[in-house]
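Coordinate-derived values only; no laboratory data. Since we're looking at a predicted model, the values are computed, not measured. We place every Cβ from the backbone using ideal geometry, glycine too, and count neighbours over all the protein chains shown.
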Amino acid sequence: MSVELIVTLSLVLLAVLIYISTYYMKKKHFERIDELDSQKKELYNKIPTDKVRTLDKMMITGQSKEVANAVITDIDNIEGKNLQTIESHLFEAEQSTDRYRFNQSTKSEKKAVELIKETENSLAITSQNLEELLQREQANLRKIETIKKRYHKVRKELLAKSFTFGDSINSLEEKLGVMENLFTSFSDLTASGDHEEAKKVVSQLETRLTEMEIMMVSIPKLNDKIENNYDKQLEEIEEGHKKLVIQEYNFPESVDMEEKISLLAGKITHLKKLLSKLKLEAIESEQEIVEDLIDELYGTMEKEISAKHATEKLSRKLPKIMYYVTNQSKELSLELDRIGQSYHLYQEEHETYLELNKVVKEQKQLVSDVSAQVGKNDIAYSDAETLLIQAFDRFENLSKSYDSLSESLYSYREKEKEIKNDLEDMEQSLREMKRYIQAKHLPGLPNDYLDIFFYTTDHLEQLSVELARPKLDFKEVTKLHALCDEDIEHLADETEKIVDNALLTELTSQRLYRYKEEYPGVIETIKYSEALFLDEYDYETSLKMVREKLESIEAGAFEEVKAIYNKEKNYA
């Protein structure tokens, strides 16, 4: 096949493909244009032409007329502008398709789609507004009938139960009068055809009626609370206060009862004024103030009545505890003298006793002063009760303090016995340590150990001398006792250490001696250790010499020797 033939066939095939593709795209655009044209026709069919004519013929005025004109204008715009523009976009798309200008056709189709959606939304809103305008009068009339029924019910209840509304009755009747005027206004607007304004009046009526229905429920309760609770409680408080004054009750300086009662009366009057003006929100906060005042005044009077009984009871109890504390003081004075003859008091017991007596005297004077004021009616019972309770508590604490001081004094003899017993035990321990170390048959004792031994012995003798004095100085005795206790403990540790070092030296030397043939330095080490042991009594260094040598030959051997020693020691 020649090249010319191949080129010719390729061109023919390409032309066929271009034709088929162009035909397909052209067909798709025409189908889309037909579909959009159908949607446009549907919009034409949805235009409520008959209802617009009906609206145009209706006798309406005012706000309703303005809304109607706006609706008609919107319909005219849809029909005369939007739909014509859609038609124009579709015509442009059709022409562009015929000329194979598919991009331009697509743009025109998109504009038509957007305008169709916008017109659908606008037509839906406008049709709804049109329907509401046509139905407004009937809707208003239906709603006004429902409101009238509620209104007559409220009016009937207000007349039948007028006494339950107190001073608010006039304001409530005024509200009914305003609603009657609104009913008249509704009728006038409806008759003139201004149904939009009539709808606003219906909304006002419904709001006012709902507000009044709520008031009709809450006002009787509030009025009842003011008249049957607050007024009566005010009367009770005034009468109660008068009776207490006649009975010569006093009140704390911080509480002016007459001023508080006057304030309460003013607040209740203010509540009534708020109720008469229907200011229910303001009443709520004012109620809290009134109730707090009532509780405070009742509480103040009840507190004084209760305080009177408490004060009388305390007046009977206080002499008993004062008598008891006074006897404690006398007994403690004798004990101080007696104990002071045998011991130097080193914990400021005498100063503490004088301070306690000073407080007792002050509290007795306070009780006497308060009792005198109560007798002359110069003090509020609540103030007197507070002071007497404080005094009673202080006397109880003083009694406990006297007991503690007494225990402190009695402890001197117990401490003396305890220290004497400790001294006997320490002397016994010293003797036992001496026998224990002698039983080990050591060649001698190091000078350091002997110094500790004699130092301990001297302290024990000093403690014995101090305990034998006719009048003990517990500061010195306590100091020496602590020293002796430390010395005995230290001496016991050192004794155990010397014996352990000495015996371990012997056992370690025996173990080391096994290696005398193999290691020439063994004999020399043992001899040097023995010299320290026998001549200088340096058991610690002597042990160190043989231990280090043994460990250099047989690692871990010393620990074995030590373990055997400890086992035998514990067993013994």
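For Glu286 and Glu213, FRET efficiency with R0 = 41 Å and r from the beta-carbon atoms, rounded to 0.05? Each step should come with its number before you reach the end.
Details: r = 23 Å, r/R0 = 0.57.
Once rounded, the FRET efficiency stands at 0.95.
Using label points projected 7 Å from each Cα along Cα→Cβ, tell me how many nm separate Glu560 and Asp295, to one decimal.
Roughly 8.9 nm, to one decimal.
My understanding is that a pair violates if its Cα-Cα distance is over 27 Å; which of Lys243/Lys376; Lys434/Lys479; Lys260/Lys303; Lys175/Lys232; Lys156/Lys272 do that in this structure? Walk me through the intermediate numbers first.
Details: Lys243/Lys376 18 Å; Lys434/Lys479 25 Å; Lys260/Lys303 16 Å; Lys175/Lys232 31 Å; Lys156/Lys272 24 Å.
Over 27 Å apart, Cα to Cα: Lys175/Lys232.
For the pair Glu258 and Tyr436, how long in nm is the line joining their label points, each one 7 Å along Cα→Cβ?
9.1
What whole number of Å gives the distance from the Cα centroid of segment 214-288 to the Cα centroid of segment 379-446?
65
Checking the a/c ratio against 1.5 first, then a/b against b/c, what shape does the Cα gyration tensor give for segment 517-572?
In terms of gyration-tensor shape, oblate.
On a full-extension model of 0.36 nm per residue, what is the gain between Glu548 and Ser38, subtracting their alpha-carbon distance, rounded to one decimal in nm? Display every interim value, and only then the final one.
Working: separation 510, 0.36 × 510 = 183.60 nm, distance 11.75 nm.
Taking Glu548 through Ser38 to full extension adds about 171.9 nm, to one decimal.
Using only the Cα atoms of segment 323-434, build the gyration tensor, take square roots of its eigenvalues as a ≥ b ≥ c, and label the shape rounded, prolate or oblate: rounded if a/c is under 1.5, else prolate if a/b is larger than b/c, else oblate.
Values: a/c = 5.42, a/b = 3.62, b/c = 1.50.
Since a/c reaches 1.5 and a/b is larger than b/c, the shape of segment 323-434 is classed as prolate.
What pairs from Lys149/Lys277; Lys308/Lys330; Lys161/Lys242; Lys199/Lys277 go past 31 Å between their alpha carbons?
Lys308/Lys330; Lys161/Lys242
Treat each spin label as a single point 7 Å out from the Cα along the C-beta direction, and report the Lys107 to Asp451 distance in nm.
That separation, rounded to one decimal, is 11.7 nm.
Note down the net charge around Asp538, summing +1 for each Lys or Arg and -1 for each Asp or Glu among other residues with Cβ under 11 Å from its Cβ. Can you show the working numbers first?
Values: positive: Lys544; negative: Asp448, Asp535, Glu536, Glu540.
Charge balance in the 11 Å sphere: -3.
Can you tell me how segment 440-571 classifies by the Cα gyration tensor, rounded, prolate or oblate, using a/c under 1.5 as the rounded cut?
On the way: a/c = 4.36, a/b = 2.85, b/c = 1.53.
Prolate, because a/c is 1.5 or more and a/b exceeds b/c.
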